[in-house]
Amino acid sequence: MLNVTLPDGKELHFESPVRVLDVAASIGAGLAKATLAAVVTTRDAQGQPSSHTIDATTLLPESGDITIKILTSRDPEALDMMRHSAAHIMARAVMRLFPKTQLAFGPTTENGFYYDFLTETPISEADFPKIEEEIKKIIKAGEPFERVEEPRDKALEILSGIGQTLKVEHLREGLGENETVSFYKQGEFIDLCRGPHIPTAKTIGAVKILSIAGAYWKGDANNQQLQRLYGTAFFKKEELEAYLTQLEEAKKRDHRLLGKQHELFAIDNEVGQGLILWLPKGTIVRKQLEAFLQEELTRRGYQMVMTPHIGRIELYKTSGHYPYYAESQFPPIDMGEHPSEKARLAAVKVEYPGDEAAFQAAAASVEKFLLKPMNCPHHIKIYEVKPRSYRDLPLRISEFGTVYRFEQSGELSGMVRVRGFTQDDAHIFCTPEQVAEEVRGCIEMTIYVLKTLGFSDYRVRLSFRDPANQAKYVGDPAAWDAAETAIERVTREMNLPNVSIGLGEAAFYGPKTDFIIRDCIGREWQLGTVQLDYQLASESRFNLSYTGADNKPHQPVIIHRAPFGSFERFVGILIEHFAAAFPLWLAPEQVRVLVVSDKFEEYAKRVEQQLREAGLRVGSDYRPEKIGAKIRDAQLSLVPYMLVIGGREVESETVSVRDRIDGDLGAMSVATLVEKMQEEIRERRLRQRK
């Protein structure tokens, strides 16, 4: 007998073999019609869960206990699966229009999908309409996606027979250990694929081809060059139209364009790609964010520290960052290549000729350093500077620490994907009994920080281990269980919105609580994170301890916490969120003084001085231009307040105030204006055009 548990806890029992569709039909005909696939969860002998998504037509086990979540178009997982099916449909359309096309890979992306092709005639943007027209024909036909499993020899015969040499190579090399493989067929089209797919193409509401770019077979520049066709798909046409509108708005808000236009940051090839030069205006924005965060950290009992930009490689071997993150780190700095070390080793050979042991001992003493990939090993060393008691805990230390990652050049993107960045990093060392309270405090702080910046629309992802890939993670599984249970319990107790679990998203040393925010045009970004770590303090890593109330040594727990993530990425997102029109407290130039003519400069400069003495960031425009042009330039520069000074203002010792959002506010005294602006800054008020 097969026992099926549904998400609401209801149990169903089946004596004979059933498919996902049969389970749905037993619940209701409407659900069966809407069913696209299912997430099935089983448990191994140790009780560890394992989840995977399967086709709606897949036969379930004949006996045992499983949990099923039936997917319809309302489920986020179904959207990703449908887009994978749309990638197959796009490939089918391309093959109809471009005979002898070689297929590479066609995965989904965050907002759509792509497929890599090798064609005899290159595809161009001019071909997009006819490809889309062919896609519509395939969708209208509504042919089913059929899964076929074959032994590898038969699979090789199939692929060779249809001339798909790239797939043949992948099956021989990339899938060399697979005894059987799966294909998906739709009409005349067949593709090597593990699936799953939607039942029929008619489920797809709308498909749009977005762009084309170059690519290499398996991402290797030494391999054949391919063409990558990007697209997206939605269940409803209205959703596609909304997404395309969002793309147009995103182009206007691109932080790379606005950053250059408003002189916020620069990237220079001679400095290096992925390395940000903070210009004066961008530096003001960053420093205001730092001050805001510093104020909150002090209020919550954090102590600030500073650590070096490099460390000996042994430090990162102990932490596990090397080799776990070796591919995303800059190569070690080998001091054996330094002229002084080369000379020292040469001297050893002279002093001990033929003594290989002496030379090897000298060579082993040569230090290797690593550009800091993470701040946590350095903070751990700060914890170790003196013995700790349970009375000293929790110890909360924080740093605006710069770290370095070697991102591939093709993955770099303005400020949001860089090679050097400064994290608003903190680590809390606490007792196991303090974990829940400290995690709660970190989450509360993250929510406060995000809401202050206008990010009140967010969801929470609990990033846990992938049970099927334990080799990715270090430490005792029991400690992992405790960490995941603790994080899940706290988030449930706090009634956080839209909590979900992401298997396989954990750091190598512990689970995370990640905040996924939605900006003002509906895009999602992963920002704040709280990570619970039972591993780095363990005996196999840094072997940290504190003296407990029983006068015995105990292992602390480490919480990693970063509300912004990094200043570079966060500011890049802020630029796009506000379209560079920062709120008053963040604005690089908060107020600009404009004179009607040069006769009023003396008074205007006195006003400037008063504003500066009040702590405001002031600009001025004394050019011999018409006042309308000066106002327009200030408006285009996104200055929050403009002060127009002419004869009436000089005579009445006032200023005529224009607001970037509300327009003309009339005349007021400088003291009244200062009070108004300072109140807006104190409250960190967010004002946007209605």
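Identify all residues within segment 143-163 that are open to solvent by 30 Å² or more (accessible area, probe 1.4 Å), among the hydrophobic types (A, V, I, L, M, F, W, C) and closer than 28 Å to K208 by Cα; write none if there are none.
If the condition is that a residue be open to solvent by 30 Å² or more (accessible area, probe 1.4 Å), among the hydrophobic types (A, V, I, L, M, F, W, C) and closer than 28 Å to K208 by Cα, then I162 is the only one that fits.
For segment 450-463, enumerate the residues that are open to solvent by less than 30 Å² (accessible area, probe 1.4 Å) and closer than 20 Å to S500 by Cβ.
Hits for segment 450-463 are L450, F455, Y458, V460, L462, S463.
Residue-wise test of (1) at pLDDT below 95; (2) in contact with a Phe, Trp or Tyr (Cβ under 6 Å, 6 or more places away or on another chain).
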{"position": "T42", "(1), (2)": "yes, no"}
{"position": "A45", "(1), (2)": "yes, no"}
{"position": "G64", "(1), (2)": "yes, no"}
{"position": "T67", "(1), (2)": "yes, no"}
{"position": "A78", "(1), (2)": "yes, no"}
{"position": "R83", "(1), (2)": "no, yes"}
{"position": "A93", "(1), (2)": "no, no"}
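Do we find that G504 is closer than 24 Å to Y322 by Cβ and either open to solvent by less than 30 Å² (accessible area, probe 1.4 Å) or modelled with pLDDT of 85 or more (or both) in this structure? Quick ask: steps written out before the conclusion?
Numbers: closer than 24 Å to Y322 by Cβ: yes; either open to solvent by less than 30 Å² (accessible area, probe 1.4 Å) or modelled with pLDDT of 85 or more (or both): yes.
Yes.
Scan segment 538-549 and tell me whether some residue there is under 28 Å from the mean Cα position of the chain (by Cα) and more than 25 Å from I447 (Cα to Cα). Spell out the reasoning first.
We begin by selecting, within segment 538-549, every residue under 28 Å from the mean Cα position of the chain (by Cα); these are 541.
Of the ones still in play, those that are also more than 25 Å from I447 (Cα to Cα) are 541.
The answer is yes; a qualifying residue exists.
Can you tell me which of L257, L293, L297 is in a helix (DSSP H, G or I) and either touching a His at 6+ places or on another chain (Cβ under 7 Å) or over 18 Å from T402 (Cβ atoms) (or both)? Break it down stepwise before answering.
Working: L293 fails: either touching a His at 6+ places or on another chain (Cβ under 7 Å) or over 18 Å from T402 (Cβ atoms) (or both); L297 fails: either touching a His at 6+ places or on another chain (Cβ under 7 Å) or over 18 Å from T402 (Cβ atoms) (or both).
On inspection, the qualifying residue turns out to be L257.
Quick check on my filter: what residues within segment 262-307 are surrounded by 13 or more Cβ atoms within 10 Å (Cβ to Cβ), aliphatic (A, V, I, L, M), touching a strand residue (DSSP E or B) at 6+ places or on another chain (Cβ under 6 Å) and in contact (Cβ under 8 Å) with a residue 40 or more places away in the chain?
Correct list: L275, I276, L293, L297, V305.
Restricting attention to segment 585-598, does a residue exist that is of a type outside the set (A, V, I, L, M), in a helix (DSSP H, G or I) and touching a residue at least 24 places away in the same chain (Cβ under 8 Å)? Give the steps one after another, and end with the answer.
Step one: of segment 585-598, the residues of a type outside the set (A, V, I, L, M) are 585, 588-590, 592, 597-598.
So of that shortlist, the ones also in a helix (DSSP H, G or I) come out as 598.
Within this subset, residues satisfying the condition of being touching a residue at least 24 places away in the same chain (Cβ under 8 Å) are 598.
Yes: segment 585-598 contains one or more residues that are of a type outside the set (A, V, I, L, M), in a helix (DSSP H, G or I) and touching a residue at least 24 places away in the same chain (Cβ under 8 Å).
What are the residues in segment 14-64 that are hydrophobic (A, V, I, L, M, F, W, C), surrounded by fewer than 16 Cβ atoms within 10 Å (Cβ to Cβ) and in contact (Cβ under 8 Å) with a residue 60 or more places away in the chain, if any?
If the condition is that a residue be hydrophobic (A, V, I, L, M, F, W, C), surrounded by fewer than 16 Cβ atoms within 10 Å (Cβ to Cβ) and in contact (Cβ under 8 Å) with a residue 60 or more places away in the chain, then no residue fits.
Just checking, which of E625, E576 is over 30 Å from T446 (Cβ atoms) and open to solvent by 10 Å² or more (accessible area, probe 1.4 Å)?
Details: E576 fails: over 30 Å from T446 (Cβ atoms).
The match here is E625.
Within segment 513-532, can one find any residue that is open to solvent by 10 Å² or more (accessible area, probe 1.4 Å), of a type in the set (F, W, Y) and more than 23 Å from E110 (Cβ to Cβ)?
Within segment 513-532 (the criterion being open to solvent by 10 Å² or more (accessible area, probe 1.4 Å), of a type in the set (F, W, Y) and more than 23 Å from E110 (Cβ to Cβ)), the answer is no, since none of the residues qualifies.
Can you name the residue in segment 637-667 that is within 16 Å of L584 (Cβ to Cβ) and in contact with a helix residue (DSSP H, G or I) (Cβ under 8 Å, 6 or more places away or on another chain) and, of all such residues, is most open to solvent (accessible area, probe 1.4 Å)?
For segment 637-667, the residue satisfying everything is R658.
Looking at K140, K167, K100, which is the one that is open to solvent by 50 Å² or more (accessible area, probe 1.4 Å) and either part of a helix (DSSP H, G or I) or closer than 18 Å to I204 by Cβ (or both)? Break it down into steps so the answer makes sense when it comes.
Values: K167 fails: open to solvent by 50 Å² or more (accessible area, probe 1.4 Å); K100 fails: either part of a helix (DSSP H, G or I) or closer than 18 Å to I204 by Cβ (or both).
Criteria check complete, one pass: K140.
The values are calculated or read from the model by the stated rules, or taken from the named source; none is laboratory data. Model, not experiment: these values are computed from the prediction. Positions of Cβ are backbone-derived with ideal geometry, glycine not excepted, and every protein chain shown enters the neighbour counts. What goes into the accessible areas is simple: the full protein's heavy atoms, side chains included, and nothing from ligands, DNA or RNA. Shrake-Rupley method; radii C 1.70, N 1.55, O 1.52, S 1.80 Å.
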